[in-house]
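Working notes, beginning with the structure itself.
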Amino acid sequence: MALTPSSMVALGTPAPAFTLANPVDGSSVSLTDFKGKPALLVMFICNHCPYVQHVQKELGRLAADYMPRGLAVVAINSNSQDTHPQDGPEHMRTLASAEGWSFPFLFDDSQVVAKEYRAACTPDFFLFDSEQRLVYRGQLDESRPGNLIPVTGRDLRGAVDAVLAGDTVAQDQKPSVGCNIKWKPGNEPDY
């Protein structure tokens, strides 16, 4: 498995706008739907990546723990379904249902949203404050497939706790790592 790190976008960057389809329930979800929330977590994930599979139970736990406290959570799949059909909308629906995810799981077929966020890998996490400015981009925790470290979500949970408490998020942030986003041929980003 080749490791791709997150691009570590500058803290303070505003959340890029998006409007994407949610194959799970057929709705359309936009960034503006989360206006006024104390925090917003945008996760770039997919079905097939072993790094995502390694943490997918924790993603559900994290959402269940923090959404009642005001965290808005949205997952986005930007992988090409042409090259990776297992990441297509019907499989997204199956995964979200099997995991019992209560957050939207959106499909970025054009890959424009991934480029706007400078998403590089799956999973890639972006946490925004109440003004939708980036306060955390980095790893969920130290666990990786095969390293025998338990999946706890410690790093991301610490950042969410800080935002929800109105505290400053620690600036020492480690990049997430995982599979690269599966770009459509000729659509690869320049970052």
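Every read-out reported here was derived from the displayed coordinates using simple, explicitly stated rules and does not represent laboratory data. Keep in mind it's a predicted model, so treat the numbers as computed, not measured. Reconstructed Cβ throughout: ideal geometry from the backbone, glycine too, with neighbour counts over all protein chains shown.
Here are the numbers:
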quantity	calculated
The range 129-165: number of residues that are in a loop (DSSP other than H, G, I, E, B), of a type in the set (A, V, I, L, M) and out of contact with any helix residue (DSSP H, G or I) (no Cβ under 9 Å at 6 or more places or on another chain)	2
Residues being assigned to a loop (DSSP other than H, G, I, E, B) and at negative phi - total across the range 75-119	16
Selection count, the range 14-57, where residues are touching a Phe, Trp or Tyr at 6+ places or on another chain (Cβ under 9 Å), in a loop (DSSP other than H, G, I, E, B) and polar (S, T, N, Q)	1
Residue in the range 10-32 that is of a type in the set (Ser, Thr, Tyr), crowded, with 17+ Cβ neighbours inside 10 Å and over 25 Å from Lys174 (Cα atoms) present	no
Leading residue by the ranking (surrounded by the fewest Cβ atoms within 10 Å (Cβ to Cβ)) among those in the range 111-141 that are of a type in the set (Ser, Thr, Tyr) and over 19 Å from Arg61 (Cβ atoms)	Ser130
Search result, residues across the range 7-41 that are within 24 Å of Gly88 (Cβ to Cβ) and small (Gly, Ala, Ser)	Ala21, Gly26, Ser27, Ser28, Ser30
